[in-house]
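Below you'll find the structure, written out as structure tokens, and then a few comments.
The values are calculated or read from the model by the stated rules, or taken from the named source; none is laboratory data. Quick caveat, the model's predicted, so the values are computed rather than measured. Cβ sites come from the backbone with ideal geometry, for glycine too, and all protein chains shown count toward neighbours. When the accessible area is computed, the model is the full protein with side chains, heavy atoms only, and any ligands, DNA or RNA have been set aside. Shrake-Rupley method; radii C 1.70, N 1.55, O 1.52, S 1.80 Å.
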Amino acid sequence: MNTLIKLFFVIIILPKVMFAQTSKKNYEYNIDLLHMSNDEVRVSFSPPKNNLKQGKFVIPKLVPGFYQAMNFGQYVSDFTAIDKNGKKIMTERLDKNSWMVYDLSRVKKISYQVADGWDSLEKESNEARSAGSMFIKDSVFVINYNSLVGYFEEMKDIPYQITITKNKDFYASSALDYKQKNKITDMVWAKDYRELVDSPVLYSVPDTTWLKIGHTKVLVSFYNKKERNYSKTIAHEIENILKNQQAYLGGTLPVNKYAFLIYYESSNENGFLGDGLEHSHSTVCLYRSGSMKFLPNALNRVASHEFFHVVTPLNIHSGEIQHYDFLNPVMSKHLWLYEGMTEYATIHMPIKQKMISLEDFEKSLEEKIRGMKAFDNTLSFTEISKKSMERQDQYMNFYLKGALLGLCLDIRLRELSNGKIGTQDLMQMLMKKYGAGKYFNDDDLFDEITKMTFPEIRTFFRDYIEGTQPIPLKEYLEKAGFNYDEATGKVTSLPNPDAKQMVLRKAWINQ
Ligand SMILES: [Zn+2]
């Protein structure tokens, strides 16, 4: 009997004690999507156990992937802190995105209202909506946690436990695993704030399709007010792209799970609007157009680029990215890598995998060259990367000249290695050396890559990425058997390439 009672206690008491201990170290959040008022969501949380006299609570000013202040704190109102007896504790709003909470060790609960950043894609807006949140009661919620959840500067790198109250037929589409507690309650955990913000969620009646690409589980989730059965059509397109990306990346995709969260709005206008933001294990795509016909094609392009971000920055990034400061972020020098190399892979993969013709590839190069000419190409790429917040006017060039610099680097590497090594191999080597948990020092990357490859590559970086020498497109394309006419902007295959050019071209684009 004695043993039985002991056993009983061990089983019943122990989990409770363990839960109490771990929960004290978490941020425990409650978000209510079911009982909304004035188009606002009620959010509350208990801070982690602490001995602090006061603490600075932060809602992000901006998030990774964007380079302009978005001030997510502007959507927060009615910020209140109470102690365990329900008595108010003093708080003070410091600016748009931060609050001082006094007597923090006594605070039992903090609550506030959150308004959404957008309701529809209809109105013109300079704000990137893919980083914000939208709520339509009983219909759909696009949630980026940076607009709902915050952190204390004194208590960073702490896990989050989020409890969400939602409509009973709603499903949480996300890269994180949501556990259903009951029909109207979900729970989700994130190891820290960075991971939570990196994992948006689409809440709605599900229109979802799962794919399996190698060992990677891919969720395609679609929302449109009228069309409730379209994820399968889109998943079919995405599957083709991902299989080619898998081959391009050497046979395996470097993530176990990935989610495409697609919100689509019908309109009566011509043309279309697209807005997307990539994350480590998911991407949010927002579209608005008069017809759904364009969607598969538009998604093809966006999905391919966004998915290639699983290589960089997810698996290759600097300390500035790993320890991102949501209030005053320090920018990295290496946007040529994060966006330039990602976009280069997006245009290189289709020709390497024989998905498009040589003419189509030449056209895609001409498009990049034409686009690049609208920007100031006499600036140092590492400098405008470091100052990307001030140099918004040059930012798009990372997708244009940045991709073409990737092309030149690829040709140079293949030339120096007799065709054995290109940027595909370089990215694999960098992923092996660094990976998701290990960052590089911003100042050391060029030297590290040089050590892994050839001394001549240091000169390439010095001249064209750090320096301001014009991109050597004509010279490099000729090495691989192409003519680039600088006057007309045309790229064409040389009619009689020599053996050396043929070998390099084969190694570079498999043609
Ligand atoms: Zn990108």
Q: Scan region 307-328 residue by residue and report those that are acidic (Asp, Glu) and at pLDDT 90 or above.
A: Asp325
Q: Determine which member of the set Trp189, Trp118 is part of a loop (DSSP other than H, G, I, E, B), in the same structural domain as Asn51 (by TED's automatic domain parsing) and within 29 Å of Val218 (Cα to Cα).
A: Trp118
Q: Take region 439-466 and flag every residue that is farther than 17 Å from Met372 by Cβ and either modelled with pLDDT under 95 or open to solvent by less than 20 Å² (accessible area, probe 1.4 Å) (or both).
A: Phe440, Asp442, Leu445, Phe446, Ile449, Ile457, Phe460, Phe461
Q. What about Ile158, is it part of a strand (DSSP E or B), aliphatic (A, V, I, L, M) and over 20 Å from the mean Cα position of the chain (by Cα)?
A. no
Q | Which numbered condition Gly419 fails, given (1) open to solvent by less than 40 Å² (accessible area, probe 1.4 Å); (2) touching a Pro at 6+ places or on another chain (Cβ under 8 Å) | A | (2)
Q | All positions within region 228-274 that are surrounded by 15 or more Cβ atoms within 10 Å (Cβ to Cβ) and assigned to a loop (DSSP other than H, G, I, E, B) | A | Tyr230, Leu249, Leu253, Pro254, Val255, Ser267
Q) So, of the residues in region 381-400 that are in contact with a helix residue (DSSP H, G or I) (Cβ under 6 Å, 6 or more places away or on another chain) and away from the ligand (no atom under 15 Å from the Cβ), which turns out to be nearest to Arg301 (Cα to Cα)? A) Gln394
Q: Give the number of residues within region 385-416 that are open to solvent by 10 Å² or more (accessible area, probe 1.4 Å) and under 22 Å from the mean Cα position of the chain (by Cα).
A: 12
Q: Answer yes if at least one residue in region 365-380 is in the same structural domain as Ala480 (by TED's automatic domain parsing), of a type in the set (D, E, K, R), assigned to a helix (DSSP H, G or I) and open to solvent by 60 Å² or more (accessible area, probe 1.4 Å), and no otherwise.
A: yes
Q | Where Trp118 falls short, out of the listed (1) more than 16 Å from Leu261 (Cα to Cα); (2) at pLDDT 95 or above; (3) open to solvent by less than 20 Å² (accessible area, probe 1.4 Å) | A | (2)
Q. Looking at region 292-362, what helices (runs of 4 or more DSSP H) fall wholly within it and have at least 1 residues that are within 12 Å of the ligand (Cβ to nearest atom), under 30 Å from Tyr484 (Cβ atoms) and not assigned by TED's automatic domain parsing to the domain that holds Asp447?
A. 295-308
Q) Can you name the residue in region 53-99 that is assigned to a strand (DSSP E or B) and touching a Lys or Arg at 6+ places or on another chain (Cβ under 6 Å) and, of all such residues, is nearest to the ligand (Cβ to nearest atom)? A) Ser98
